[in-house]
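What follows draws every value from the coordinates through simple rules; no lab data is involved. Here the structure is a predicted model, which is why all the values come from computation and not from measurement. Here Cβ is always computed from backbone atoms with ideal geometry, including for glycine, and neighbour counts include all displayed protein chains.
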Amino acid sequence: MSGVSVKVSDLFLRCLEAEGVRYVFGVPGEENADVMISLLDSDIEFIICRHEQGAAFMADLYGRMTGEPGVCLGTLGPGATNLITGVANADMDNSPVVVITGQGATTRLHKDSHQAMDVPKMFEPVTKWGATIWAPQNTTEVVRKAFKLARAEHPGATHIELPEDVAKADVDDEPIVPGMKVRRPAAEDKAVARAVELIAAAERPIVLAGHGCVRTRVTTQLNRLIDETGMYVTTTFMAKGAVSDRHPQSLFAAGLGARDHVIDAFEDADCVICVGYDFTEWHPDRWNVVGDGGTPKDIIHIDFEPAEVDSAYRPAVEVVGDLANALWQINESLTAACRDKGTEALARMRRTLEFEILEEHAMDPGFPVKPQRALHDIRAELADDDILISDVGAHKMWTARHYPTYEPGTCIISNGFCSMGIALPGAIAAKLVHPDRRVVGLMGDGGFMMNVQELDTAFQYGIAPTYVVWDDSAYGLIAWKQEAHFGRTSHTTMRHHDLVAVAQGFGCHAVRIESTDELRPALTEAFAVTDRPSVVVVPIDYSENMRLTKRLGQVVAH
């Protein structure tokens, strides 16, 4: 105690500063007014968003890019309900986020009153933990716990509610300064030894790298495992870049459809090594078909927590502990029998995927632009460490399959909660974190319109991501799935819209290409704009969707 009382809202901001918070994304309201005024005396920058959902998506991407909790703020009632989609997305995608909501005075919460609702109860299903600060002296503990739990594996969202009368109160207290980083325990020796035995005995093993490999930067040990064993590796959508797609044993990303080439690798495998793998990314019944002709296989589960119980996921061994350390222990224990685990069948598959992803459509002149050509040109314009954020829609499926990724955290695909509208606000946060890198938000016209108002936020703060909008005047993924399943579509089309005029109305640099050869020059021009966002509208040929379905089988969205 200092012996000097301060207002709770001032102490609250000091607690955020102690946690290393640089930005708060949000919308001001009456019931969080004291916090807003306290921000005037803080080093934390408040990013004024145009909608609370945009604020939550920005916090989500900030958390993904940094590993530190992104912070979003809204008021009570409608401010809180507007936040919830972005918060749910962060929690299911394992992004560390702390969401702060105002609330009416505690003296009126026991009865019907203006805009008051049980916000903590509403947030319970989409957060790891939440609490109301009922008493001024609880402020420091609640903030510290919210940040500690948001960071902890598996990371996710936590919630703090601050009633307005508590925020105005005085208290004599100091922030709880975070201590040393909490170290996760090492895996148990017998589990490591058993995993090595299974790898040694396997004839056709394959590695499935999940999002945990990106979150915790285990690239060095993961690459060492595949280099020393010769095993081939595929990643989930959210783990793209955990192993460079230039690696000769990379089978690119898995999860597009039931009969994509890599499914053959899983069906033929006798051992699957799952590293940092989350079910929300790609359910095991997609790759481990039980009792339907698939080869019986041993599953090695390597993760921070024990495996979820599922009839299609029955590990022969669970290596539970710090992920990087667990891989290091396995690598240190590899024997001669663990070497040369690649097969000629997987080498041929790699060559087939290289052709389809990197070469087949690289020079296709067709217009509207084919998805494969559009992604080829975007990839050619971006450096290895530049960042692409995919929204949700048909373009997400194409990005997962046809956008090779070379470094972790450089291709962001939401594939847990999987909400449309993430890419436009998310690219703003990514550009704040990495102002020296090119950041592309890739979206369909449907996703673009869901959070288009945040273009104004980017313009206000001089933040300059480049948005590439695939325009087909429809909800393309839903149309794709309807066509594949029913042979026709229902209520997926939108009226034609002038997206360039919309973007220019928000102050953006904007252009619509009129030929395929205009795409790369348009991207180069957009990247040269550094003081405001840019929008490149690309008429897209989604007839390729059904062509891919006919080649590979039913496309699924996870």
* Asked: Which one of Met231, Tyr406, Ala152 is farthest out on the positive end of the charge dipole of the chain, using unit charges on Cβ (Lys, Arg +1; Asp, Glu -1) and the Cα centre as origin?
  -> Met231
* Mind ordering 88-96, 140-148 by average Cβ neighbours within 10 Å, highest first? -> 88-96, 140-148
* **Partners for Lys297 among lysines (Cα-Cα distance below 24 Å; same-chain residues under 8 apart left out)** => Lys190, Lys341
* Structure fact -> Cα-Cα longer than 29 Å, checked against Lys370/Lys481; Lys148/Lys396; Lys240/Lys431; Lys121/Lys145; Lys128/Lys481; Lys181/Lys240, kept in input order, equals Lys148/Lys396; Lys128/Lys481
* Asked: Direction-averaged shadow area of the convex hull around the Cα atoms of region 456-498, nm²?
  -> 4.3 nm²
* May I ask for the angle, rounded to the nearest 10°, between helix 219-229 and the longest principal axis of the chain, with both axes built from Cα atoms and the value confined to 0 to 90°? => 20 degrees
* Structure fact -> Kirkwood calc, region 413-511, C-alpha pairs only, radius in angstrom 14.6 Å
* Quick one: if the Förster radius is 51 Å, what FRET efficiency do Thr295 and Arg547 give, using the C-beta to C-beta distance and rounding to 0.05? -> 0.95
* **Value in Å of the Kirkwood radius, where region 1-138 supplies the Cα pairs that are averaged** => 15.3 Å
* If you count, for each residue, the other Cβ atoms within 10 Å and average over each peptide, how do 15-27, 425-437 line up from highest to lowest? -> 425-437, 15-27
* What is the ratio of the Cα radius of gyration of region 97-223 to 2.2 N^0.38 Å, where N is its residue count, to two decimals? -> 1.58
* Fewest-first ranking of Thr489, Thr234, Thr127, using other Cβ atoms within 10 Å as the exposure measure -> Thr489, Thr127, Thr234
* Asked: In nm, what is the difference between 0.36 nm times the number of residues separating Thr335 and Ala152 and their Cα-Cα distance?
  -> 62.5 nm
* Structure fact -> Cα-only Rg/Rh for region 189-348 with Kirkwood Rh rounds to 0.91
* Structure fact -> Taking Rh as the Kirkwood radius computed over alpha-carbon pairs of the chain and applying Stokes-Einstein at 37 °C with viscosity 0.692 mPa s, one gets a diffusion coefficient in µm² s⁻¹ of 134 µm²/s
* What ratio of Cα Rg to 2.2 N^0.38 Å holds for region 361-552? -> 0.96
* Asked: Dividing the convex hull volume of the Cα atoms of region 327-471 by its residue count, what figure in Å³ per residue is obtained?
  -> 151 Å³
* Mind pulling the angle between the C-alpha long axis of helix 423-433 and the longest principal axis of the chain? Nearest 10 degrees, somewhere in 0 to 90. => 80 degrees
* Asked: Taking neighbour Cβ counts within 10 Å as the exposure measure, how do Lys168, Lys297 sort from fewest upward?
  -> Lys168, Lys297
* Structure fact -> Of all DSSP beta bridges with both partners in region 6-171, the antiparallel percent, nearest 5, is 10 percent
* Estimate the FRET efficiency between Thr524 and Asp498 by the formula 1/(1 + (r/R0)^6), using the beta-carbon distance for r and 30 Å for R0, to the nearest 0.05. => 0.80
* What is the fewest-to-most order of Thr107, Thr343, Thr158, Thr229 by other Cβ atoms lying within 10 Å of their Cβ? -> Thr107, Thr343, Thr229, Thr158
